[in-house]
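Each remark here refers to the structure printed beneath this line.
The values are calculated or read from the model by the stated rules, or taken from the named source; none is laboratory data. For clarity, every value in this text was computed on a predicted model and none was experimentally measured. Cβ coordinates were reconstructed from backbone atoms using ideal geometry, including for glycine residues, and neighbour counts include every protein chain displayed. Areas reflect the complete protein model, heavy atoms only, side chains present, ligands, DNA and RNA absent. Shrake-Rupley method; radii C 1.70, N 1.55, O 1.52, S 1.80 Å.
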Amino acid sequence: LWIMAAELEIRNKNIEAARKLFGRAIGMCPKPSLLNAYIKFEKQMGNTDRCRILYQKYLEYSSQECDVWVKFANLEKQVRDYERVRAIYELAISQKHIDMPELLWKKYIDFEIFIGTTNKNKHGFEKAQILYERLLERTKHVKVWISFGKFLCLTFPGKADDGRSIFNKAYEYFKSQPEQDKEERVVLLEAWEQVEKEMIAKKIQGADEKQLEKVTKMMPKKLKKRRELPDSEGWEEYYDYVFPDDEKSTKGLKLLEIAQKWKRSGGIMNALKAAKKAKADAAQQAQADSNELDIDDL
C-alpha cells in the first residue's frame, strides 16, 4: 500500500512527496520490499548518495542477508568507486552471522578478477589470489581448491605452475583425510585433468602434455565391492576407488609388516647362526677329507 501510494506521487511528479511517503513507511515498518522499492526509485533518479544512505539503513535491519551486501557493492561498482566496493566486501565477510558467506567470497573474488581483466594488469589478479588464500584458511572445501587452481592456470597469466601446486596440495590434503574423502579426490582429479586439457586446447602459457599424462596416471580404478550391513541384515554393493599411489603405499606397508614380524621372531639371529653352523660343518668336513687315506697312494 505504501509503495502504491508513493508510485502515485511519482506519476504525478511529486518527487518530494514520494520520498516522504517512503521515509515514513520505512520508519514505521522497515520491510525489504519497501527498502528495495525506495532504492530503485533513487537509482532511477540518479541519486547515488541517497542510495548509499538507504543501503546503510537496510543493513542495520538485515546485516545477515548476503544479497543486500552484494547489491550495495554493485552500486559502488557501477559508479566505479572500487575502494568503496572493497570496503563493503571486507565488512561483509567479517560478519559472524550471514546467510551465504560462500556467495560473498565468490562475488568479492569475481570483482578482483574483473578489475584485473578490465585494466589488463596483475594488480586485481594478485588481490584475487590473496583472497583465495584467505578463504582456504577458513574452509578446505573441494570447490574452493578447484576454483583457485582453475583461476591460476586459466586466468592469471604465467601462473600455471602455481595452479598445479594448488591442485597437488589439495590432493595431498584429501589423501590425508579419512576414507570418506575419496570422492573429493576423484572430483579434484577430474577437474585438474579438464584444466590441463583446456590449457593445451587454448594454447595457454604453461600448457604441457606431460603434465596431462601425469594427472591421468593419478586417476583411480573404480571397483564394485560388497559389505555386510549392520545387525546382519544382509549385504550391499558399493563402489570404491583405488588410487595408484595408495596401492604403492599399501604394498610397502605390507612388506614392512612382514619384515618386522620376521625380525621379532628372531629371523636375523637364526639366519646368522645357521650360516655360522654351515661354515663350521664345511670346515670339519674338509678336515676329515684330508685325513682319509687314499688307496691309490699305497
**Request:** Sort out which residues of segment 145-157 are assigned to a helix (DSSP H, G or I), over 23 Å from Glu213 (Cβ atoms) and open to solvent by 20 Å² or more (accessible area, probe 1.4 Å), and write them in order of number.
**Result:** Ser147, Thr155
**Asked** Residues in segment 215-227: is at least one free of Cβ contacts under 8 Å to residues at least 24 places away in the same chain and under 30 Å from Ile109 (Cα atoms)?
**Response** yes
**Prompt:** Is it fair to say Arg86 is of a type in the set (Lys, Arg) and crowded, with 17+ Cβ neighbours inside 10 Å?
**Reply:** yes
**Asked** Out of the residues in segment 158-175 that are more than 15 Å from the chain's Cα centre (by Cα) and open to solvent by 30 Å² or more (accessible area, probe 1.4 Å), which is nearest to Lys222 (Cα to Cα)?
**Response** Asp161
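For (1) open to solvent by 90 Å² or more (accessible area, probe 1.4 Å); (2) at pLDDT below 90; (3) part of a helix (DSSP H, G or I), each residue gets a yes or a no:
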| residue | (1), (2), (3) |
| --- | --- |
| Lys210 | yes, no, yes |
| Glu236 | no, yes, no |
| Glu247 | no, yes, yes |
| Met269 | yes, yes, yes |
**Item:** Hits in segment 79-101 (condition: without any contact (Cβ under 8 Å) to a residue 24 or more places away in the chain and either at positive phi or under 20 Å from the mean Cα position of the chain (by Cα) (or both))
**Value:** Arg80, Ile93
**Message:** I'm trying to understand the selection: among the residues of segment 107-124, which are open to solvent by 20 Å² or more (accessible area, probe 1.4 Å) and not polar (S, T, N, Q)?
**Reply:** Lys107, Asp110, Ile113, Phe114, Lys120, Lys122, His123
**Prompt:** Of the residues that sit in segment 166-197 and are over 16 Å from Phe151 (Cα atoms) and basic (Lys, Arg), which one is modelled with the lowest pLDDT?
**Reply:** Lys182
